[in-house]
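**Student:** Below you'll find the structure I mean.
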Amino acid sequence: MDCLFCRIINNEIPSTKVYENDKVCAFNDINPKAPVHILVIHKEHTANIDETTEMNSHIFSDIFLAVKEIAELKNLSEYGYRVIINNGNAAGQEVFHTHIHILGGKKNLGPMLQ
Ligand code: AMP
Ligand code: ZN
């Protein structure tokens, strides 16, 4: 399977990694929508939430534990921050490897949907 984010995990495509452990990695979004815009992905490939099962639901706990770590590393909790998952076509999901966006670094991130 040719997956952009699996290739980033394997360092076959360059990225600016900001966090990594044995389960997840996180890197700067190439097209940032806020002063801090980080993508967090699991090293286990699933396309999106639709593929979640009892067997792989650790993907989300692993990701969210990393979100908390990254928020601390990047000092995001002072202003607060937003996490977004675009799930499927209506949400504009472009990369079909489960990922969450962390957006922050400014006092007001604007409305949730415009
Ligand atoms: P989504 O619409 O939720 O699937 O978001 C995919 C995100 O991946 C977009 O915000 C893109 O800017 C970002 N993106 C695409 N290619 C790369 C890349 N090579 N490195 C970092 N971010 C990327
Ligand atoms: Zn993948």
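The values are calculated or read from the model by the stated rules, or taken from the named source; none is laboratory data. Bear in mind that the values here come from a model prediction, so they are computed numbers and not experimental data. When we count neighbours, we look across all protein chains shown, and the Cβ atoms used for this are built from the backbone with ideal geometry, even at glycine. In case anyone asks, the SASA skips ligands and DNA or RNA and just uses the protein heavy atoms, side chains included. Shrake-Rupley method; radii C 1.70, N 1.55, O 1.52, S 1.80 Å.
**Student:** Output the lone cysteines of the chain: those with no second cysteine's C-beta under 4.7 Å from their C-beta.
**Tutor:** If one checks each Cβ against the other cysteines of the chain, CYS25 turn up with nothing under 4.7 Å.
**Student:** Once the Cα atoms of helix 58-73 and of the chain are each reduced to a long axis, what angle between those two axes, in degrees from 0 to 90 to the nearest 10, is obtained?
**Tutor:** Between the helix axis and the principal axis of the chain, the angle is about 30 degrees.
**Student:** Also, quick follow-up: Per residue, how much accessible area does the chain show when a 1.4 Å probe rolls over the protein heavy atoms, in square angstrom?
**Tutor:** Working: 7070 Å² over 114 residues.
Accessible area per residue, the chain: 62 Å².
**Student:** Okay, next question. Can you list which of the trypsin sites (Lys or Arg not before Pro) found in the range 7-114 are DSSP loop residues with at most 14 other C-beta atoms within 10 Å?
**Tutor:** LYS33, LYS106, LYS107
**Student:** Sticking with this one: If we count GluC sites (Glu not before Pro) as exposed when they sit in a DSSP loop and have at most 12 other beta carbons within 10 Å, what is the longest stretch of the chain that avoids them all?
**Tutor:** My reading of the result: 13-53 is the longest stretch.
**Student:** Say R0 is 30 Å: what FRET efficiency, to the nearest 0.05, do THR16 and THR53 get from their beta-carbon distance? Before the final figure, lay out the partial values.
**Tutor:** Details: r = 32 Å, r/R0 = 1.05.
Plugging the Cβ-Cβ distance into 1/(1 + (r/R0)^6) gives 0.40.
**Student:** At a 1.4 Å probe radius, carbon and sulfur cover how many percent of the accessible area of the chain?
**Tutor:** 51 percent
**Student:** Here's another thing I want to ask about it. Let's test the formula: R0 of 22 Å, r as the Cβ-Cβ distance of ASN86 and ASP2. What FRET efficiency results, to the nearest 0.05?
**Tutor:** Calculated value: 0.65.
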